[in-house]
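Notes follow once the structure below has been shown.
Read the figures in this text as sums done on the coordinates, not as results from a lab. Everything numeric here is computed off the predicted structure, so don't read it as measured data. Positions of Cβ are backbone-derived with ideal geometry, glycine not excepted, and every protein chain shown enters the neighbour counts.
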Amino acid sequence: MIRATRWLQDRRFKQGGSMASGLLASASAVALFVIPSIAAAQAAAEGNAQLEEIIVTATRRSERLQDVPLSITAFSQDDLTSKGIVGYEGLARETPGVVLNKPTANFNNFTARGIATNGYGANLQNTVAIYIDELPISSIGNTTVLDPNLFDVERIEFLRGPQGTLFGSGSLSGALRILTKSPDLNAFDAAAMVDTGVTDGGSLRQRYNGMLNTPLVEDKLALRLVGFYRDEEGYLDNIGTGVKNSNTLVDWGGRAILLWKPTDALSVRLLASYEDSNPKDSSLTDPSLGRRKRNSDRPDLFVGELTTFNATIEYQFEGALFTSSSTYSTFDQKFFVDLAGTFNGAIAFGLDAYAYQDTFVEELRLASEGGGKFDWVIGGFFLDRRNDVDYFYRSTPEFLAARGITGLPDEYYQRQYNHTLSHEIAGFGELTYHINDRFWLTGGLRYGGLDSRAYVEGGYNSAYLTNALLGIPGPLAMIPIAPVEGVKAKERRPSYKVSASFQPIAEVTTYATVSTGFRAPVVNGFAGRPSLVDPNDLIIPNGADTDKIQNYELGMKGTWFGGRLTSNLAAYLIDWSDIQVQANRVSDSVQFATNIGEARSKGFEFEIVALPIRDLQIGLSGSFNRAHVTKLTPQEAAISGAVPDARLAAPKFQGAAYLNYGFDVTASARGFFSAAFQHVDSFPSSFPRVPGAPNQILPTYGYTDSYNNVNLTLGAILRQLTVTTYVENLFNDDSITYIHPEAFLASRFGTMRPRTVGLRINYDF
């Protein structure tokens, strides 16, 4: 523990130099990529090749990406396959202004445009909403979010900035939409992909994906089946459990989609999906133990099992499309973690938590066809969610016996059974008025109510922590926990958007937008409970009120040189008030939610794609951001660990560049090469002080490393067969990309997967 703390302190003093180097390197990359690309594009402007037009549905209707007055990054399935993107990490690195805080599989927290106080946010709604089709999987009130399989998707859209008008309370700073492919009514299709690789150190990666599309009744009925299995051996050794490559991931599941189109106007889409994601241990490591080592008394588990059923009905009226989407899902989780680091490993201390969640979502929309004087969408949204969490705090049989502590029925010294009921109902709409062909105005409004109430169903507690810390042997008294109905948190408020768009020429769209967003209030499951370790420590408060965002954005999207170059630019300023934060009670490390003052984030994002010659595509993206606390009372500072002008948990610069080149191998074979580079600056892991002890530096406080990632692919296409070799993390960068902000995790640092060399085979039947 001491060595790790010293290592963090050293990093705090060294981070400034690495950041400056990163900015210099990034500036050089801009010069190297942008200037030649533009020149080459201009020189080849007389040719016929042009970039593929991208269609998105971010506004709930199909529109060209270059016409939508929003900051959007879109990925097709071809994009994902060519870049080897199979999870959230790849999406974040290729999206400007976005960082993924990922300590391990199924433990994710996106940051967009600097809106984050730390990389964890325990029991807080994510600031970026994540949707699989119409299901919001991120609004579950914590950061344990399933890593979904991304095979056979229609498109992925990452919307930046608050999206409260169309996507609700969870989209405070952005929304990620994963859109699955619908069946083809007229053509049989099948595909299979096998991906195998070896990670530095000898661990094996295996991925298997398959798809079958079959029409059942021509033009009327079709079925699409997708299956997947993923077994990736780990690369960390757990010295506590003695398991080598302990952080192995096994993930499997599939989905079935039935599309029925009885008439030209009516379609019915039925989906059933299942995914079981089972990491065998955490991917958090501790450099003080040696390279790629971690330590826990037993495996830390973040297991997720998601089952989803959806029925979507669409009816095409004259001039408008009606959509009804009904979704029911269950999400079962295991959250097992060794907490011994809280007390420097002096006592056995852990948490085994089981969570069970049922969600029903209904959304109704009516959207006009585009191209008229007015474009509009109106709709209603309803969410009903129950989340059960069973908290089992444990010792170990060995520790209890060694200390002579008796009286417990088993190794668990505290059991508590909680559940939370949440509801949201809202109406929304957007209206665009085209004043003429070049100038249009958009206004959007969402108004609704949210409520949440936590219930304690019972359980028991004991004085284990006190006796264990003071060395007191003997029997422990079992203290019943009475059932409690918590305070109901309610909120009714609007979200709005106002935007003006202007096209000086047909190929250029400029826009100015003001938009808002908010997060739902939070109730604390342990509200009102004193500490059994220190009765003078603070009483857990009821919860946290809504926090709010005001976003001001200017943007420009352009298509140049006959479609050979596109550029998307956006500048923004965001005011964040009543910030929801996670705090910890010092004596027993109980987490709770509260509010603090205000923060401001401002920045600039860019995306440039060029096709200088027919077979060469070059892309460059990046973002500059400055985000810090602007208003803070002494009381708020004391409880949260924040200080005036504290940086938020976001890099000042991040960027990515890629090159795709195609070439003929033979008359019937086509070769391709791809190189992708990503850079992320360092950023603070949390606020710098100990919550509840504002004069103490947080032992886990530090900066992530400024890091680079390079991926290469080389392959060939022979009719229906595609063979690809690849290298991920070419230079085997083991920089710290995540620091867990809480003291109770001894192994608390996240890194990229080490260099992995692999072979991917795709066959389209």
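Apply the Karplus curve 6.51 cos²θ - 1.76 cosθ + 1.60, θ = phi - 60°, to the phi angles in the range 624-636 and return the couplings in whole Hz, x for Gly and Pro.
For the range 624-636, the Karplus curve yields 10, 9, 10, 9, 7, 6, 10, 8, 7, 8, x, 5, 5 Hz.
Helix 2-43 versus the longest principal axis of the chain: what angle, 0 to 90°, nearest 10, using Cα atoms?
It works out to around 0 degrees.
Based on the Cβ-Cβ distance from Leu721 to Gln316, what FRET efficiency comes out when R0 is 30 Å, to the nearest 0.05? Mind showing how you got there, number by number?
Numbers: r = 39 Å, r/R0 = 1.30.
Once the sixth-power term is evaluated, E becomes 0.15.
Sorting check: for 369-375, 506-512, which peptide has the highest mean count of neighbouring beta carbons within 10 Å, and how do the rest follow? Write down the numbers at each step before the final one.
Details: 369-375: 12.3, 506-512: 16.1.
Result, highest mean first: 506-512, 369-375.
What value, in deg cm²/dmol to 500, does the helix sum -39500 (n - 2.57) over DSSP H runs of n ≥ 4 give at 222 nm once divided by the residues of the chain?
-3000 deg cm²/dmol
What's the local net charge at Phe382, with K and R +1, D and E -1, over the other residues with C-beta under 14 Å away?
Overall, the nearby charge balance is -3.
Could you give the length gained by full extension between Glu53 and Val757, i.e. 0.36 nm per residue of separation minus their alpha carbon distance, to one decimal place?
Stretched fully, the Glu53-Val757 segment lengthens by 250.2 nm.
Can you tell me which of 526-536, 545-555, 658-668, 73-83 comes out highest on packing, and rank the rest after it, using the mean Cβ neighbours within 10 Å?
Top of the packing list down: 545-555, 73-83, 526-536, 658-668.
Label points 7 Å out from Cα along the Cβ direction at Leu659 and Leu431: separation in nm?
Between Leu659 and Leu431, the simple spin-label model gives 5.2 nm.
Near Asp681, within a Cβ-to-Cβ distance under 11 Å, what is the net charge of the other residues, with Lys and Arg +1 and Asp and Glu -1? Numbers along the way, then the final one.
Values: positive: Lys652; negative: Asp705.
After counting each charged neighbour, the total is 0.
With +1 on each Lys and Arg Cβ and -1 on each Asp and Glu Cβ, how big is the dipole of the chain about its Cα centre, in debye rounded to the nearest 20? Each step should come with its number before you reach the end.
Details: 67 positive and 81 negative charges, 326 e Å.
Computed about the Cα centre, the dipole is about 1560 debye.
For the chain, calculate the relative contact order in percent as a whole number, restricting contacts to Cα pairs under 8 Å that are 6 or more residues apart.
Details: 2266 pairs, mean separation 103.4, N = 765.
Dividing the mean separation by the residue count of the chain yields 14 percent.
Grab the Cα-Cα distance for Ala512 and Asp78, subtract it from 0.36 nm times how many residues apart they are, and report the gain in nm with one decimal.
153.0 nm
Using 20 Å as the cut-off for backbone N distance, which residues of the range 699-717 belong to the label zone defined by a point 7 Å from the Cα of Asp733 along Cα→Cβ?
Residues passing the 20 Å test: 702-714.
Stretched out fully, how many nm does the piece from Asp537 to Ile239 gain, at 0.36 nm a residue minus the Cα gap?
103.8 nm
Select from Ser706, Gly655, Phe382 the residue farthest towards the positive end of the dipole of the chain; place +1 on Cβ of Lys and Arg, -1 on Cβ of Asp and Glu, and compute about the Cα centre.
Checking the options against the dipole of the chain, the answer is Ser706.
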